[in-house]
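Visitor: Below is the structure I would like to discuss, written out as structure tokens.
The values are calculated or read from the model by the stated rules, or taken from the named source; none is laboratory data. Nothing here was measured: the structure is a model prediction, and the numbers come from that model. Using ideal geometry, Cβ is built from the backbone for each residue, glycine included, and neighbour counts are taken over all protein chains shown. Side chains are part of the model used for accessible areas, which takes the heavy atoms of the whole protein and leaves out ligands, DNA and RNA. Shrake-Rupley method; radii C 1.70, N 1.55, O 1.52, S 1.80 Å.
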Amino acid sequence: MDNRIVKLAPSILAADFAHLGKQVGEAEQAGADRIHVDVMDGHFVPNISMGAPIVESLRRITRLPLETHLMISDPDFFLDEFTEAGSDSFLVHWEGNNNLHRTVQRVKALGKRVGVVINPATPAAVLEEILQDVDQVLVMTVNPGFGHQHFIHTTLPKIRRVRQMIDEIRPGCDFEVDGGIDAKTAPLVVDAGANVLVAGSAIFGDNEGVAVAMKRLRAAANQGKT
Ligand code: DX5
Ligand code: ZN
């Protein structure tokens, strides 16, 4: 039995950008804990998405924390711009960063929360030395770059390992998962130890609307705690 409260982070990558403010408002009303903003540069991942102007616009219409998932090659170059736009936290990848500790310290110096992200093929062990410096860990459950992908089930044992490391080294650190999270996979990741779920298509792509989708996802996530 696990008493951790599961938090939901709707990813706007799956939103209808013509109605972005409305959809984020619906997510806030339905009890979202934060809004997940996926930033892609067409280089670090094979897709492009959005930049700081989206954060700036959202900052004006929501009180929710805006977490910025940087899937870009040189995250350090963009931290100031996103901070000025209103980002509350940054998720930076272990992959491709030769100076991750420096990036983490830069985010902290800006007074923002920082999380480190690992891709599906990256072992949990790389987190060991950086864990004590971060507020959050994100384990990708798909390969980053696109929404609407299938959850990779072989990430589950890694999620269990990361939970163990967090409990030993950094209790209280948020543990997020991202990719293919829906009512079927939510109980699995919560059972394995995650406490923050990113969901794009399962929230903004649901025919019954954002509020119904979030209720369904929350109920499913709570099943994983028993
Ligand atoms: C993928 C992104 C995810 C994406 C998840 O690279 O980091 O945040 O929006 O989308 P779904 O929930 O549709 O898998
Ligand atoms: Zn993401």
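Visitor: Could you tell me which numbered condition Lys225 fails, if it satisfies all but one of (1) under 21 Å from Ala27 (Cβ atoms); (2) in contact (Cβ under 8 Å) with a residue 60 or more places away in the chain?
Guide: Going through the list (1) under 21 Å from Ala27 (Cβ atoms); (2) in contact (Cβ under 8 Å) with a residue 60 or more places away in the chain, Lys225 breaks only (1).
Visitor: Tally up the residues in region 142-194 that are within 16 Å of ligand 2 (Cβ to nearest atom) and either open to solvent by 20 Å² or more (accessible area, probe 1.4 Å) or more than 19 Å from Lys225 (Cα to Cα) (or both), please.
Guide: Qualifying residue count for the region: 14.
Visitor: Can you name every residue in region 195-217 that is away from ligand 2 (no atom under 14 Å from the Cβ) and either in contact with a Lys or Arg (Cβ under 6 Å, 6 or more places away or on another chain) or assigned to a loop (DSSP other than H, G, I, E, B) (or both)?
Guide: Matches in region 195-217: Asn195, Gly205, Asp206, Asn207, Glu208, Gly209.
Visitor: Let me spell it out: the conditions are (1) open to solvent by 40 Å² or more (accessible area, probe 1.4 Å); (2) in contact (Cβ under 8 Å) with a residue 12 or more places away in the chain, and Asp74 meets all of them except one. Which number is the exception?
Guide: (2)
Visitor: Please go through region 35-71 and give me each residue that is in contact with a Lys or Arg (Cβ under 7 Å, 6 or more places away or on another chain) and either open to solvent by less than 30 Å² (accessible area, probe 1.4 Å) or among the aromatic types (Phe, Trp, Tyr) (or both), ordered by number.
Guide: Passing the criteria: Leu64, Leu66, Glu67.
Visitor: In region 1-39, which residues are outside any helix (DSSP H, G or I), within 15 Å of the chain's Cα centre (by Cα) and more than 17 Å from Ala85 (Cα to Cα)? Spell out the reasoning first.
Guide: Filtering region 1-39 for residues outside any helix (DSSP H, G or I) gives 1-11, 15-16, 30-39.
Filter once more, keeping what is within 15 Å of the chain's Cα centre (by Cα): 6-11, 32-39.
Hits for region 1-39 are Val6, Lys7, Leu8, Ala9, Pro10, Ser11, Ala32, Asp33.
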